[in-house]
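The values are calculated or read from the model by the stated rules, or taken from the named source; none is laboratory data. All values derive from a computational prediction rather than experimental measurement. Virtual Cβ from ideal backbone geometry, glycine too; neighbours counted across all protein chains shown.
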Amino acid sequence: MIKNRLFEEQIKALSKISKAIASDLYLEDILRLIVTVTAEVMDSNICSLMLIDEKTRELVIRATQSMSEEYNKKPALKIGEGVAGRVAQLNKAIAVRDVTKEKEYKYQDIAKKQGLCSLLCVPLAVKGKPIGVINCYTSRPHDFSETEIEILTSIASQAAVAIENTELLVKSKIIQEELETRKKIERAKGILMHDENLTEEEAYLKIRKYSMDNRKTMREVAEAIILAADMKQLTGVKSSQAHRPKLA
């Protein structure tokens, strides 16, 4: 009966998380929902999700349903440091019956104050590469079952999908913006080359100089040149009389 209940709760939890991933929620909201749902399913006192900061190679808390400021602001962990750091390093789940007696656990003082006892920590991985961990704490000694480990592993997989999708979307937007910027600069160069009889290099340097002198992006300068050219076509006004920035 208990196993069936856990299975039903797992399905409900994964369904909620799947809907969140498919929605237009921001990543922070999705991660917050994941830890909240996970805490309910696992009957966890505190659930937290930590991600690896690629610059510092440290695990930092990105989401938790804990109201404890002391826990939420605890220092980051290096990869390989502490229980969570080891999970990220080994890409393998670790269960600890009592963190207050576990030498490898780094924050025993916080655990004692918050009444934390047993810990199940599983990795978040994208295509086999660890990107973080999910921690689930209980307030009493608890031996985590295979079913519970499977549930948290499944939730971690869903969380990893949400994070990967968001990162791909961000990268896609950045690439798209770069392509749009290049197109506009190319068009602006063409306008200057035609109107002022400049070489391609001279037109580019002119745009760049105006950009630097006036603390505007090259895209902004290019857009102003294009707008002036479009105005010229609509009104028949010479480009020098249109609203084009005066490039030195």
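Can you tell me which residue in the stretch 118-144 is surrounded by the fewest Cβ atoms within 10 Å (Cβ to Cβ), limited to those that are farther than 20 Å from residue 79 by Cβ and in contact (Cβ under 8 Å) with a residue 60 or more places away in the chain? It would help to see each step written out before you state the result.
Restricting attention to the stretch 118-144, the residues satisfying the condition of being farther than 20 Å from residue 79 by Cβ are 118, 136-144.
Then drop every residue that is not in contact (Cβ under 8 Å) with a residue 60 or more places away in the chain, which leaves 136-139.
On the way: 136: 27, 137: 25, 138: 19, 139: 14.
Ranking the qualifying residues of the stretch 118-144, first place goes to 139.
Among the conditions (1) within 22 Å of residue 27 (Cα to Cα); (2) in contact with a Lys or Arg (Cβ under 9 Å, 6 or more places away or on another chain); (3) of a type outside the set (Lys, Arg); (4) assigned to a helix (DSSP H, G or I), residue 88 misses just one, which is (2).
Residue count for the stretch 136-156, restricted to those that are closer than 12 Å to residue 44 by Cβ and in contact with a helix residue (DSSP H, G or I) (Cβ under 6 Å, 6 or more places away or on another chain): 3.
When 92, 78 are checked against the criterion of being assigned by TED's automatic domain parsing to the domain that holds residue 133 and farther than 21 Å from residue 144 by Cβ, 78 stands alone in meeting it.
In the stretch 143-197, how many are more than 30 Å from residue 97 (Cβ to Cβ), at pLDDT 80 or above and among the aliphatic types (A, V, I, L, M)?
Adding up the residues that qualify gives 6.
For the stretch 108-139, taking the residues that are modelled with pLDDT of 90 or more and β-branched (Val, Ile, Thr), the one that is nearest to the chain's Cα centre (by Cα) is identified as 131. Among the conditions (1) surrounded by fewer than 20 Cβ atoms within 10 Å (Cβ to Cβ); (2) over 20 Å from residue 144 (Cα atoms); (3) in contact with a helix residue (DSSP H, G or I) (Cβ under 9 Å, 6 or more places away or on another chain), the only one that residue 52 does not satisfy is (1). On inspection, residue 75 passes the criterion of being of a type outside the set (S, T, N, Q) and part of a loop (DSSP other than H, G, I, E, B). Condition (residue is of a type in the set (S, T, N, Q), in the same structural domain as residue 76 (by TED's automatic domain parsing) and not in a loop (DSSP other than H, G, I, E, B)) applied to the stretch 130-147: is it met by at least one residue? For the stretch 130-147, residues of a type in the set (S, T, N, Q), in the same structural domain as residue 76 (by TED's automatic domain parsing) and not in a loop (DSSP other than H, G, I, E, B): present.
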